[in-house]
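Have a look at the structure below before the remarks.
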Amino acid sequence: MPLHRTSLLMAAACLPFAVLAAGAGHGPSAVERAQETAPGPWQGNWRVTRDDPRIRTRAGAELARLHIIQEQGSRVLELQWTAGRAMCEDPAGEPCEWAVAAGESARARQTKAGGLTASLAVSADQDDPFTLHFARRPKAGQAVQGTLSSARGDIRWRVRIERDAQ
């Protein structure tokens, strides 16, 4: 039975809607979904604050914000960071150049005990990076104390990390 020209045009016009209805071309395929890895426990956004009696506000205590990507089962962390006001040696003084520093940590790792260790190249002196260290990961709604220290050892501050609620 021959198809009429009108029938062919109707079928062609409906084809995109049929493809959309079937979900073709939208979202990951079944193969891609099977290859995805669940996120690790450090994945997400974190806030690091500095414990210092000279600091009077929560915003003033913000040492850094971290964005971490981690695959389940991997101890390697992709860490992006932005320094805050408390990164300055004197948090009560004038803002310093470190307060606007940002970067990526090439040597960020989850420790065997589940904590975090990351190198932050905050200053222009590449021989004296800071090391951020937490012995364990905080539980939901809690903060964990750790340290931020310089490679030369002249800076060693108590810091806290918690998941960023924003």
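Where a number appears in this text, it was derived from the coordinates with a stated rule and is not lab data. Source: prediction; values computed, not measured. In this analysis, Cβ positions are derived from the backbone assuming ideal geometry, glycine residues included, and neighbour counts consider all displayed protein chains.
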Worksheet item: In Å and whole numbers, how far do the C-alpha atoms of region 124-166 stretch along each principal axis, longest first?
Response: 36, 20, 13
Fill in: Amide proton proximity set for Arg107, modelled H, under 5 Å, gap of 5+
Ser119
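Pull out the extension gain between Thr111 and His67, defined as 0.36 nm times the separation in residues minus the alpha carbon to alpha carbon distance; nm, one decimal. Can you show the working numbers first?
On the way: separation 44, 0.36 × 44 = 15.84 nm, distance 1.75 nm.
Extra length from Thr111 to His67 when fully extended: 14.1 nm.
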Worksheet, complete the sentence: In order over region 49-63: 3J(HN,Hα) from phi, Karplus 6.51/-1.76/1.60, θ = phi - 60°, whole Hz, x for each Gly or Pro, gives 10, 9, 8, 8, x, 6, 8, 10, 10, 5, 5, x, 7, 5, 8
Worksheet item: Quick one: Karplus J couplings for region 72-87, per residue in order, coefficients 6.51, -1.76, 1.60, θ = phi - 60°, nearest Hz, x for Gly and Pro?
Response: 3, x, 9, 9, 7, 10, 8, 10, 10, 9, 9, 7, x, 4, 6, 6
Worksheet item: Stretch Gln80-Val144 to full length: gain in nm at 0.36 nm per residue minus the Cα-Cα span?
Response: 21.1 nm
Worksheet item: Rounded to the nearest 0.05, what FRET efficiency is calculated for Ala151 and Asp90 with R0 set to 25 Å and r the Cβ-Cβ distance?
Response: 0.75
Practice prompt. Quick one: which residues, 5 or more positions from Gly40 or on another chain, have an amide H under 5 Å from its amide H? H modelled 1.01 Å from N in the peptide plane, none for Pro or chain starts.
Written response: Gln70, Glu71, Gln72
Worksheet item: Taking amide H positions as placed 1.01 Å from N in the peptide plane, with prolines and chain starts having none, which residues 5 or more places from Ser123, or on another chain, fall under 5 Å of its amide H?
Response: Phe130
